[in-house]
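A.B. asks: Here it is: the structure, laid out below.
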Amino acid sequence: MHNGMFVFDNVVHMYDNTVENVIDPVAMNFQEKFHHTYSRPGMEAENYVGTHTEVQEALVYLFEKSDTDMVMAQTVPLFSYWKQGFAPAWLQYKLKEACPERVLFCAGVDPLFQGLEGCLDELERQVVEWGAVSAKFYQAHARGRSWRADDPQVAYPIWERCLELGIDTVQFHKGIPLGHEFLEDLAPNDVQQAAADFPQMNFILHHFGLPHVDATINIAARYENVHLSLSAILNLWPVSPWTVYEILGKALLNVGEDRILYGSEAFAWPAVQAYIGALGSMQMPEELQDRYGYPEITETARAKILGLNFAKLMKVDVEAKLRELSTVKAGG
Amino acid sequence: MSTDELLGVVRRQVDQTIRPRIQAHGGDISVDSVSASGVVHVTFRAACRGCGLRSVTTEAIRQSVLTIPGISGVEHTTRVSEFARERLEAFATGGTMPWSPAMELPHPTVGPRAPVDP
């Protein structure tokens, strides 16, 4: 809890950059440069080339050194740069197994690299065997290979299978190319028709599609089953605070406080508490309120963004969860 | 009057005054609830979803329903700053828009025309 607010981190990644997992280091190297660009003392990026996240280390960052109550460990099924993806499913599952009362597991599959049938089978396995409650997708890969969320042949069978398996929230990496993916393949536009055709499904778009920020906000404003995660956006704050104020302000003005989610992007940036503190005390500068009409960040909005919105999506009863957590020590 | 009765009054007023104007250009709204303190909650629908002019429409709704005894405000899922709300209120009521440094144009793009050479 942070100042009485339930903290539910929409996204952490247990990464694996060991030489056995890296196929092409271009994405790992670009990411590390990006992460270090947006670092400052107290909010440093991890030097993670050649390493992987340890479960115990992750639990300490999250539940001993920060006010985090719950997290979702998200698989990164990006198979053109890493054999098992930047954040392999099994490693996310290990974190969940180490602390099931606080960690939810997010599956990760890909129809291009696994084939549609392989993707559906693996999705089902990760749900049935590993208890996935959401699924993450990376649609753009190296050398222009990509797929769209509104493709009736490739994507719709995945959304249908998700719903059959009880998953009604799917998530997408949008914007922020990690390596040589094409920027246009990372635009959010394909989510529009999918959101219209699957109104019972919630679509979370990560990173506000940076640099497709305006398009991403516009889409979320018009489709009430589209949600926005501050993952990577909040992490810009130590270097570019006004960029964060502008993006958050625009989202609050056009989408509203009910569909914005806090995501820390640990463990690339492991100082989770610093980001909780930043969001927990962030104020919309009066100059932006005046010039653009961006609303102030109320305590109600802050509480929703920090945890209540994602808890609602994940059907977590916050009061019951807090009672449960008060009797359990993190990580057993 | 109970909140349910008040909700009915607000819906009738919105149906008669605001909705036809909104529906004329493909938009729509629904009046979802009225709280015990008299705050009306509306949801924008159809072409109004994501429309950049929702804050103007909200102000129009506010001006309309605030005339109903017992109604204290209007809310929807998005908010504007107090600076913007003051300007919208002045705009909706035909009053003087409060000046702000943010409204000052950075360059004198509007000014007296240069004399035309006959």
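Read-outs throughout are calculated quantities, based only on the coordinates presented, and are distinct from any laboratory measurement. Source: prediction; values computed, not measured. Using ideal geometry, Cβ is built from the backbone for each residue, glycine included, and neighbour counts are taken over all protein chains shown.
A.B. asks: Using a 10 Å cut-off around each Cβ of peptide B:96-104, what is the average number of partner chain Cβ atoms that fall inside? Write out the running numbers ahead of the final one.
C.D. replies: Working: counts 0, 0, 0, 0, 3, 3, 8, 2, 0.
Taking the mean over all residues of the peptide, I get 2.
A.B. asks: Another question about this same structure. Tell me, what is the FRET efficiency for A:GLU286 and B:LEU53 to the nearest 0.05, using R0 = 22 angstrom and their Cβ-Cβ distance as r? Please report the intermediate quantities before stating the final value.
C.D. replies: On the way: r = 24 Å, r/R0 = 1.07.
So, using R0 = 22 Å, E works out to roughly 0.40.
A.B. asks: Just want to confirm a number: the relative contact order over chain A, from Cα pairs under 8 angstrom separated by 6+ residues, in percent.
C.D. replies: 21
A.B. asks: Let me ask you something else. For B:THR43, A:THR68, what ranking results if the residue with the fewest other Cβ atoms within 10 Å of its Cβ goes first? List each step's numbers first, then the result.
C.D. replies: Values: B:THR43 15, A:THR68 27.
Arranged by neighbour count, lowest to highest, B:THR43, A:THR68 become B:THR43, A:THR68.
A.B. asks: Also, quick follow-up: If you place +1 on the Cβ of every Lys and Arg and -1 on the Cβ of every Asp and Glu, how big does the dipole about the Cα centre of chain B come out, in debye to the nearest 20? Numbers along the way, then the final one.
C.D. replies: Details: 12 positive and 12 negative charges, 53 e Å.
Charge dipole, chain B, about its Cα centre: 260 debye, nearest 20.
A.B. asks: Pick out, from A:ALA194, A:TYR61, B:TRP99, the residue whose Cα sits farthest towards the positive end of the charge dipole of the protein assembly as shown, with +1 on the Cβ of Lys and Arg and -1 on the Cβ of Asp and Glu.
C.D. replies: Looking along the dipole axis, the top candidate is B:TRP99.
A.B. asks: Considering every residue in B:73-81, what mean count of other chain Cβ atoms within 10 Å of its Cβ is obtained?
C.D. replies: On the way: counts 0, 0, 0, 1, 9, 10, 10, 8, 14.
That works out to 6 on average.
A.B. asks: Quick one: check the C-alpha center-to-center distance for the range A:70-85 versus the range A:120-188, whole angstrom.
C.D. replies: 11
A.B. asks: Would you work out the charge dipole size for the protein assembly as shown about its Cα centre, treating the Cβ of every Lys and Arg as +1 and the Cβ of every Asp and Glu as -1, and quote it to the nearest 20 debye? Walk me through the numbers before you get to the answer.
C.D. replies: Values: 37 positive and 56 negative charges, 162 e Å.
My answer is approximately 780 debye.
A.B. asks: Take every DSSP beta bridge whose two residues both sit in the protein assembly as shown, then give the antiparallel share in percent to the nearest 5.
C.D. replies: Working: 12 of 40 bridges.
That works out to approximately 30 percent antiparallel.
A.B. asks: Mind ranking B:11-17, B:78-84 by how tightly packed they are, going by the mean number of other C-beta atoms within 10 angstrom, highest first? Show your work: numbers first, answer last.
C.D. replies: On the way: B:11-17: 15.0, B:78-84: 20.9.
Highest mean packing first, the order is B:78-84, B:11-17.
A.B. asks: Right, here's the next one. Mind pulling the angle between the C-alpha long axis of helix B:82-93 and the longest principal axis of chain B? Nearest 10 degrees, somewhere in 0 to 90.
C.D. replies: Roughly 90 degrees between the two axes.
A.B. asks: When B:SER30, A:SER326, A:SER39 are ordered from fewest to most other Cβ atoms inside 10 Å of their Cβ, what list results? Walk me through the numbers on the way to the answer.
C.D. replies: On the way: B:SER30 12, A:SER326 7, A:SER39 18.
Arranged by neighbour count, lowest to highest, B:SER30, A:SER326, A:SER39 become A:SER326, B:SER30, A:SER39.
A.B. asks: Apply the a/c threshold of 1.5 to the C-alpha gyration tensor of the range A:8-331 and tell me whether it is rounded, prolate or oblate.
C.D. replies: Working: a/c = 1.23, a/b = 1.13, b/c = 1.09.
Taking the square roots of the gyration eigenvalues as a ≥ b ≥ c, the range A:8-331 is rounded.
A.B. asks: For the range A:71-99, list residues with backbone N below 15 Å from a point placed 7 Å from the Cα of A:ILE23 toward its Cβ?
C.D. replies: Of the residues in the range A:71-99, A:76-89 have backbone N under 15 Å from the label point off A:ILE23.
A.B. asks: Determine, from the Cβ-Cβ distance of A:GLU319 and A:ASN3 and an R0 of 25 Å, the FRET efficiency 1/(1 + (r/R0)^6), rounded to the nearest 0.05. Working shown, then result.
C.D. replies: Details: r = 17 Å, r/R0 = 0.69.
It comes to 0.90.
A.B. asks: While we're on this one: May I ask for the angle, rounded to the nearest 10°, between helix B:3-17 and the longest principal axis of chain B, with both axes built from Cα atoms and the value confined to 0 to 90°?
C.D. replies: Tilt of helix B:3-17: around 40 degrees.
A.B. asks: Projected onto the charge dipole of the range B:3-82 (+1 at Lys/Arg Cβ, -1 at Asp/Glu Cβ, origin at the Cα centre), which of B:HIS76, B:CYS51, B:SER35 gives the Cα projection farthest towards the positive end?
C.D. replies: Final value for the positive-end residue is B:CYS51.
A.B. asks: Moving to a separate point now. Considering every residue in A:278-288, what mean count of other chain Cβ atoms within 10 Å of its Cβ is obtained? Display every interim value, and only then the final one.
C.D. replies: On the way: counts 0, 0, 0, 0, 0, 0, 1, 0, 4, 4, 3.
For this peptide, the per-residue mean of nearby foreign Cβ atoms is 1.
A.B. asks: Still on this model: Which of rounded, prolate or oblate describes the range A:189-332 when judged by the alpha-carbon gyration tensor and an a/c cut-off of 1.5?
C.D. replies: On the way: a/c = 1.66, a/b = 1.16, b/c = 1.43.
Oblate is the answer for the range A:189-332, as a/c is 1.5 or above yet b/c matches or exceeds a/b.
A.B. asks: Taking a ≥ b ≥ c as the square roots of the Cα gyration tensor eigenvalues, with a/c under 1.5 meaning rounded and otherwise prolate when a/b beats b/c, else oblate, which class fits the range A:81-236? Write out the running numbers ahead of the final one.
C.D. replies: Details: a/c = 1.31, a/b = 1.26, b/c = 1.04.
It is rounded, given that a/c, with a ≥ b ≥ c, falls under 1.5.
A.B. asks: Mind checking which of A:ALA142, A:ALA27, A:TYR223 is farthest towards the positive end of the protein assembly as shown's charge dipole, using Cβ charges of +1 (Lys, Arg) and -1 (Asp, Glu) about the Cα centre?
C.D. replies: A:TYR223
A.B. asks: On to the next question. Calculate one ³J(HN,Hα) per residue across the range A:115-128 by plugging θ = phi - 60° into the Karplus curve 6.51 cos²θ - 1.76 cosθ + 1.60, and present them in order as whole Hz with x for glycine and proline.
C.D. replies: x, 4, 5, x, 5, 5, 5, 5, 4, 4, 4, 5, 6, 6
A.B. asks: Cut-off is 10 Å between beta-carbons; in what order do A:HIS212, A:HIS206 appear when sorted fewest neighbours first? Mind showing how you got there, number by number?
C.D. replies: Working: A:HIS212 22, A:HIS206 29.
With the sparsest Cβ surroundings first, the list reads A:HIS212, A:HIS206.
A.B. asks: Under a GNM of chain A (C-alpha, springs under 10 Å), which listed residue has the highest mean-square fluctuation: A:HIS35, A:HIS207, A:HIS173?
C.D. replies: Among A:HIS35, A:HIS207, A:HIS173, the largest GNM mean-square fluctuation belongs to A:HIS35.
A.B. asks: Hey, another quick one. Order the peptides A:86-92, B:2-8, A:58-64, A:164-170 from the highest to the lowest mean number of other Cβ atoms within 10 Å of their residues.
C.D. replies: Details: A:86-92: 23.7, B:2-8: 13.6, A:58-64: 20.6, A:164-170: 17.0.
Final packing ranking: A:86-92, A:58-64, A:164-170, B:2-8.
A.B. asks: Quick one: go through the range A:172-189 and flag any residue whose amide nitrogen is under 19 Å from the point 7 Å out along the Cα-to-Cβ line of A:LYS33.
C.D. replies: Label zone hits: A:175-184.
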